[in-house]
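Here the structure comes first, spelled out in structure tokens, and everything after it is commentary.
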Amino acid sequence: MHPLAEELNSILDKTAAGRLLSSFGRRIYFPKGIIAQSGEAKKQAHRANATIGMAYKDGGPLMLKSIASFMPSFSPDEAVAYAPTAGLEEARLAWKQEMVRKNPSINGDAISLPAVIPGLTSGISYTADLFVDTDQAVLSAYPCWDNYALVIEGRRGGVLKGVPFFVPGRGLDLDAIASGCKEAAKGGQLRVLFNFPQNPSGYTPSIGEGEALVNIIGEAARGGADVLVMVDDAYFGLFYEDSLKESLFGRFAGLDERVLAVKIDGPTKEDYVWGFRMGFLTFGSRGMNVETYGALEKKLMGTIRSSVSCVNTPAQSIMLKTLADSETGKEKAACFRLMKRRYQAVRAFVDSRADHGILEALPFNSGYFMSFLCKGISAEKLRRELLAVHGIGTVALGPYLRVAFSCLEEEQIPGIFETIYKSAGEIQVRGL
């Protein structure tokens, strides 16, 4: 094993993070090579910096006029220069400040500085790289976003263990979640992934349910298990009803020395910039300090460096400008109202068909989606019929049909949902 990896491991070994590391997580390190030496030179090379593979002129990066014309308010450093491996420090600090502002339960002095990652999917993937080994189980909701299986099982060789998180029409199945966590914790380690607002159900827990989830994780830690809690906050902020309005990350991060919480978030959905492919990854644990967070950050930086090297600079620069723009809050509020009206239109229609008998809605109150449990018919056959006969695209996930109301105009919703219900009934009559 590389001496730098051994040095980081020795710092982390007395923490839950160190005990939870995968074999990859133990091997990975951030080299004292080009990037590290370039960082030193950036601070100290007052005469000339001949370390980094960029072309300079007149003290700044070269930039084609054609590119500059599309970014008239950007300097070359903001537009075309490499970003540091963990991201622009200004972007990291600004996002942390926003994160704490939106989540008062987060103690900003007791968590790591968020690292910039190339999209939220990479946050799941990098966390799995560091903490999931072959045949290790990660608990998640069933149904869940299908990319979780691709990351946990396809990439890492782990096992994504689906737990029935939801009681149709009601809320979380806390007994099932508690049972699943208790069983997994018997082996001395528990890895669990929470995603609220959830994809594909569109559900965020109530305050009481959130407290119950914190107690479940706390019980596992008090019982002697080291716990990794991944908090996928991709749809954070899109809360349309009386539910949690904060990420559970803050509660998990301060819960117990045996709990390592990882917050994966970013502007993708919050700020409607899906193609930016930029997010943030933050660690939190009562058992960690500046030194141990620093070691874990270097492990993450080694993971980033060995995959994409660094995240694109323009997206980070735009995000910084957006956060500083006084109009951003008003525009986001208008977008939220638009999304809430679409949710309310779906909610009203689904509630009016609560006794349908074939399509049973999973609980939904937030986010982009809602999902039906298809009873007595195939969700895949319903999906195909909606697409081929009616030109309506939906997603089938096992026995569930997901409908993304986020991309439907408000006036479309009654007609589209009427067609979904009618098609389900016709399929049942035909016995398909």
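The values are calculated or read from the model by the stated rules, or taken from the named source; none is laboratory data. Computed from a predicted model, the values in this text were never measured in an experiment. We place every Cβ from the backbone using ideal geometry, glycine too, and count neighbours over all the protein chains shown.
Data overview
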{"item": "Residue 207 vs. criteria closer than 20 Å to residue 152 by Cβ and in contact (Cβ under 8 Å) with a residue 12 or more places away in the chain", "result": "no"}
{"item": "Where a residue in segment 36-61 is closer than 12 Å to residue 82 by Cα and its partner, wherever it lies, is modelled with pLDDT of 70 or more and assigned to a strand (DSSP E or B), with Cβ under 8 Å and at least six apart", "result": "54/61; 55/61"}
{"item": "Test result for residue 383, free of Cβ contacts under 8 Å to residues at least 24 places away in the same chain, part of a helix (DSSP H, G or I) and buried (at least 16 other Cβ atoms within 10 Å of the Cβ)", "result": "yes"}
{"item": "Single residue of segment 101-120 satisfying the filter (surrounded by 23 or more Cβ atoms within 10 Å (Cβ to Cβ) and small (Gly, Ala, Ser)) that is farthest from residue 232 (Cα to Cα)", "result": "112"}
{"item": "Answer from 370, 319 - the residue that is crowded, with 16+ Cβ neighbours inside 10 Å and touching a strand residue (DSSP E or B) at 6+ places or on another chain (Cβ under 9 Å)", "result": "370"}
{"item": "Subset tally (residues that are over 19 Å from residue 367 (Cα atoms) and outside any helix (DSSP H, G or I)) for segment 386-404", "result": "4"}
{"item": "Hey, residue 379 in contact with a strand residue (DSSP E or B) (Cβ under 8 Å, 6 or more places away or on another chain) and under 22 Å from residue 170 (Cα atoms) or not", "result": "yes"}
{"item": "Test: residue 377 is touching a helix residue (DSSP H, G or I) at 6+ places or on another chain (Cβ under 8 Å) and surrounded by fewer than 20 Cβ atoms within 10 Å (Cβ to Cβ)", "result": "no"}
{"item": "Matching option when the condition is charged (D, E, K, R), surrounded by fewer than 22 Cβ atoms within 10 Å (Cβ to Cβ) and over 24 Å from residue 83 (Cα atoms), among 297, 331, 291", "result": "331"}
{"item": "Qualifying residue in segment 101-117 (condition: closer than 30 Å to residue 401 by Cα and assigned by TED's automatic domain parsing to the domain that holds residue 316)", "result": "no"}
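Rundown of residues vs (1) within 29 Å of the chain's Cα centre (by Cα); (2) part of a loop (DSSP other than H, G, I, E, B); (3) among the acidic types (Asp, Glu), yes/no style:
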residue: 67; (1), (2), (3): no, no, no
residue: 72; (1), (2), (3): no, yes, no
residue: 78; (1), (2), (3): yes, no, yes
residue: 98; (1), (2), (3): yes, no, yes
residue: 101; (1), (2), (3): yes, no, no
